[in-house]
Every structure is written in structure tokens, then in C-alpha cells.
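The structure under discussion appears below in the form of C-alpha cells.
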Amino acid sequence: MTAHHDQSSPDSPKALYDKAVAGAATMLDEYRTFFATALRNPRMVGAATPTSSAVAATVGQVVPTTGEPVVLELGPGTGSLSNGIHDRLPPGARHIGIELGEDMVEHLREHKPWMEVVHGDAGDLLSILDQRGIGKVDAVVSSIPWSLLADDVQDHVLKQVTEAMAPHAAFTALTYLPADRTAGGRRFRVRLAETFDEVLTHTTWKNFPPILHYLCRRPLV
């Protein structure tokens, strides 16, 4: 006698197939949006490809899992890090994403409905937070291309970040490992050392190219 398998079950072959197809479609849409923006404005995108799940898991470690934290994501792009953040957030938390690329904003609003997506510039983050009734944030995750930014822009955005951080908050920024060796990358590393009391680094090798993480705490200004 052959056992009957309910095709409506979430573990049925059809349900698993439909889930895989939906996931593949979302990933294709993510890559399509990413590369379209990168081709139009390469300086807007800090990575050559969306980052891996290993990078997202590492970034997620700075996200508080208790209370009602506010996490700010600068330059979320297509949201390749956003799930790693969202998965750790407790009920009542807020996840704010500030994204400059219009196509990416539309993509995030469609595929990451739990994120409060703002079409804006990271340099305006204090006013953006004020408009949403947020005084301080508990973590800041940045994927913006710091090594490509001019000195005064790096200074301005970092100043905004430090003013937005709660005393216990962490700031993490990502860059390609090769970009850290460029003139802009070296300037950014120096600025972090001048801005924060603690600057730790970690490399995720399960990404191409490898990703360098900066984890910073306790602003000095």
C-alpha cells in the first residue's frame, strides 16, 4: 500500500519546488537590479556583486537580539545583508535602510517589506532619523563605498553616524579586501582610528572578492 503524500504540505515536493523557484526568481531580480544600477553609476555601488550569506551572517552579529533596538543600514543595495540583520531582530525592533539608488529602493520595498526603506543620502541620516522620531540607534551597518568617497564626504557621514549612535552601539562597515589597499581605503582606515576608541577587523573569505569588516565602538567625538 502506498502512503499518500499531501501535496499541500509545506514539506511536499511541490511546495519545496515552488519555494525554490520563488527563491531563484528573487535572486535573479536582485542581481538584475544590482547590475543595472552598477552599470549606470558604478560609484554608487560599493561591491561588484551582491555579498554572500556568510558576510550577512557576520554582519548580523552586531544586531541586538533583546529589547526594541533600532538598526540603521546605510546603502543596503538589493538587501543581500538585510536578511542577516532581520533574522536577529526581536519583536518591536526597527530596521531603517537609507538607499540612494532609486531602482534599489523599489526592489527593497518589494522584497523586504519589513524594512523601513528611505530613498535618501547617508549624509542626511540625522534628519532622516529625526523625521521618524528616532533619537539614537543601536547598530549601524554600512555598505556604502567608503574608499570611493572624497575626504570631506567621509568626514561628514562619519560625523553623522557617531552622533546617531547610542553609547552601547556598534558601527560596522564593509569593503572589499583589495579596496582597503587603495588610497581611499587607507584614508578611511585612518579616519576610523581617529573617530572610534575601538576598531576591530575581520575578513570573510567565503565571498568573491573577500570582504573586510570594520567593527567600531565608542566614538571619541
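Going by the structure shown, is Thr172 open to solvent by less than 30 Å² (accessible area, probe 1.4 Å), part of a strand (DSSP E or B), within 17 Å of Val71 (Cβ to Cβ) and modelled with pLDDT of 95 or more?
When the stated conditions are applied, Thr172 passes them.
What residue, of Gly75, Gly46, Gly67, Gly92, is open to solvent by less than 30 Å² (accessible area, probe 1.4 Å) and either at pLDDT 95 or above or not hydrophobic (A, V, I, L, M, F, W, C) (or both)? Working first, answer last.
Details: Gly46 fails: open to solvent by less than 30 Å² (accessible area, probe 1.4 Å); Gly67 fails: open to solvent by less than 30 Å² (accessible area, probe 1.4 Å); Gly92 fails: open to solvent by less than 30 Å² (accessible area, probe 1.4 Å).
Exactly one of Gly75, Gly46, Gly67, Gly92 is open to solvent by less than 30 Å² (accessible area, probe 1.4 Å) and either at pLDDT 95 or above or not hydrophobic (A, V, I, L, M, F, W, C) (or both), namely Gly75.
When you scan the stretch 79-109, how many residues do you find that are touching a residue at least 60 places away in the same chain (Cβ under 8 Å), assigned to a loop (DSSP other than H, G, I, E, B) and over 12 Å from the mean Cα position of the chain (by Cα)?
Matching residues across the stretch 79-109 total 1.
Which pairs have Cβ atoms under 6 Å, sit 6 or more apart or on different chains, and link a residue in the stretch 51-64 that is over 12 Å from Ser80 (Cα atoms) to one that is in a loop (DSSP other than H, G, I, E, B)?
Partner pairs satisfying both residue conditions: Val63/Arg88.
Find all pairs meeting these conditions: Cβ atoms under 9 angstrom apart; at least six residues apart or on different chains; first residue within the stretch 197-212 and within 11 Å of Ala54 (Cβ to Cβ); second residue aromatic (Phe, Trp, Tyr) and exposed (fewer than 12 other Cβ atoms within 10 Å of the Cβ).
Hits for this filter: Ile211/Trp205.
Go through the stretch 135-169 residue by residue and tally those that are of a type in the set (A, V, I, L, M, F, W, C), in contact (Cβ under 8 Å) with a residue 12 or more places away in the chain and surrounded by fewer than 17 Cβ atoms within 10 Å (Cβ to Cβ).
The total comes to 2.
Tell me which residues, restricted to the stretch 189-210, are of a type in the set (Phe, Trp, Tyr) and exposed (fewer than 13 other Cβ atoms within 10 Å of the Cβ).
The answer is Trp205, Phe208.
Give the stretch 175-194 a look and list any residue that's outside any helix (DSSP H, G or I) and not β-branched (Val, Ile, Thr), or say none.
First pass over the stretch 175-194, keeping only residues outside any helix (DSSP H, G or I): 175-177, 182.
Tyr176, Leu177 - these are the residues of the stretch 175-194 that are outside any helix (DSSP H, G or I) and not β-branched (Val, Ile, Thr).
Looking at (1) assigned to a strand (DSSP E or B); (2) at pLDDT below 95, which is the only condition Asp138 fails?
(2)
Based on what the data block shows, is Leu129 of a type outside the set (Asp, Glu) and modelled with pLDDT under 95?
In short, no.
What residue, among those in the stretch 175-188 that are farther than 16 Å from Leu200 by Cα and hydrophobic (A, V, I, L, M, F, W, C), is surrounded by the fewest Cβ atoms within 10 Å (Cβ to Cβ)?
Ala183
The values are calculated or read from the model by the stated rules, or taken from the named source; none is laboratory data. Treat the numbers as computed from the prediction; the structure is a model and nothing was measured. Every residue, glycine as well, gets a Cβ built from its backbone with ideal geometry; the counts of neighbours run over all protein chains shown. Quick note on the areas: whole protein, heavy atoms, side chains included, nothing else; ligands and nucleic acids left out. Shrake-Rupley method; radii C 1.70, N 1.55, O 1.52, S 1.80 Å.
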